[in-house]
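Here is the structure we will look at, set down as structure tokens.
The values are calculated or read from the model by the stated rules, or taken from the named source; none is laboratory data. Since the model is a prediction, treat every value here as computed from it, not as a measurement. Cβ atoms come from the backbone with ideal geometry, glycine included; neighbour counts cover every protein chain shown.
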Amino acid sequence: MCSFTNTKQQHRWIDNAKLKLLKLVMKFLKLVRGHIGLDGKEGDDGSGGIADEDLELPFVEFLEKQRLPPKIKSIILYAITFTDYDQDGGEACKKLMKTKEGIESIALYSSSIGRFPNAMGAFIYPMYGQGELPQAFCRCAAVKDALYVLRMPVVSLLMDEQNKLCKGVRLTSGQEILSGQLVMNPSFAVQNSGSHMQSAQEGLNYLNLLGKVARGVCKTNCSASVQLELSNVLLVFPPRSLHSEQLASIRALQLSSNVSVCPQGYFVVYLSTLCDDAILGKECLHAAINALFGLSSSETSTSSNNGDPEPKPTLLWSFVYVQEISQASCDAAVCSCPSPDGNLDYRDILEMTKKLYHSMYPDEEFFPESAASVNAEDDGALSD
């Protein structure tokens, strides 16, 4: 009887702790929602915005002011706002997120939930993989009379001797294509002579490099999620959670056959982390791979919901590599588009692309809305 009473009291204490934690989280979300919706103005419900001085604080300090526990704070920092570097590292942190940036990221996360009926969370992924994005651009450009030449590499640039500007390219077939502007893949650079191109291995323009990102691709036949019914899952390992020298978050995006990126019954997991050193970046990814997968079906994990060991998904195949991150650049000869970065979304790369476009065409609007698309939206609204 005494044992039963103690257990009941313990459950009551746990329930009270959960209720207190829930109140703190709800209070924080109400504060964020009030700031997002009211732009810092007092609302009818008494909720207001976040003070300007708090917006300039490091976001981790602002979360501490809200008395959020470490676990909830870590979830907000690394799984919702997608902070890269260790925010508790003080001056050692390579990039400290300010409260204003954190609130903007939470606003994006909040506005993304429930946008599509078949999406469980705030994150969606294109069918058939990200390769469909340039496919969509190709079709969009074709409508505007763009010309695509496939399987025909460019061997050199055509330069105007008088003004030293690029006027076109020469293909391997010997054909010359003239153009007023030229945008190249960031993995190629122009030699000092301005007439030939060279690959990244032969000489990339390192003045435009922003850092490195280590990437991994894994194939498995079982979900890496604790909830096995979840097929498309994003897993985040906060800084220093797997490796003593892990300075940045490691993200693992698991995709299944329902987005048409692999055969039925299999899963593809993409891993990435920012790094300064290629060797260390690969070591951190291998630590994440070892935490998620086993090399054989007999290997087990030490953590589960009920404390019993559970089998890890078997790693069927994996590959790890490092990419240089370069920013967009444009000079009198040729422009270079930005390289893929370490983010899961396209906010930064789209912003760099817009800046590159406006540097090339300062008087033009970036992807102006056409009358046809406006009419299509109106027709869709009427049909609903």
Item to check | Meets criteria (assigned by TED's automatic domain parsing to the domain that holds Lys100, over 28 Å from Lys100 (Cβ atoms) and at pLDDT 75 or above) for Leu31 | outcome: no
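Restricting to region 152-185, count the residues that are closer than 26 Å to Pro340 by Cα and of a type in the set (S, T, N, Q).
So the answer is 4.
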Checklist entry - Can you find even one residue in region 107-119 that is outside any strand (DSSP E or B), without any contact (Cβ under 8 Å) to a residue 40 or more places away in the chain and more than 29 Å from the chain's Cα centre (by Cα)? => result no
Next on the checklist: Can you tell me which of (1) surrounded by fewer than 14 Cβ atoms within 10 Å (Cβ to Cβ); (2) of a type outside the set (A, V, I, L, M, F, W, C); (3) not in a helix (DSSP H, G or I) is the one Tyr125 doesn't meet?
Outcome noted: (1)
Checklist outcome for this item: Note on Pro117: of the conditions (1) surrounded by 12 or more Cβ atoms within 10 Å (Cβ to Cβ); (2) more than 30 Å from Ile177 (Cβ to Cβ), unmet is (1)
Checklist outcome for this item: All conditions in (1) more than 30 Å from Ser256 (Cβ to Cβ); (2) touching a strand residue (DSSP E or B) at 6+ places or on another chain (Cβ under 8 Å); (3) surrounded by 11 or more Cβ atoms within 10 Å (Cβ to Cβ) are true of Leu63 except (2)
Checklist entry - Picking from Val149, Val143, which residue would you name as being surrounded by fewer than 16 Cβ atoms within 10 Å (Cβ to Cβ), more than 19 Å from Asp341 (Cβ to Cβ) and touching a strand residue (DSSP E or B) at 6+ places or on another chain (Cβ under 8 Å)? => result Val149
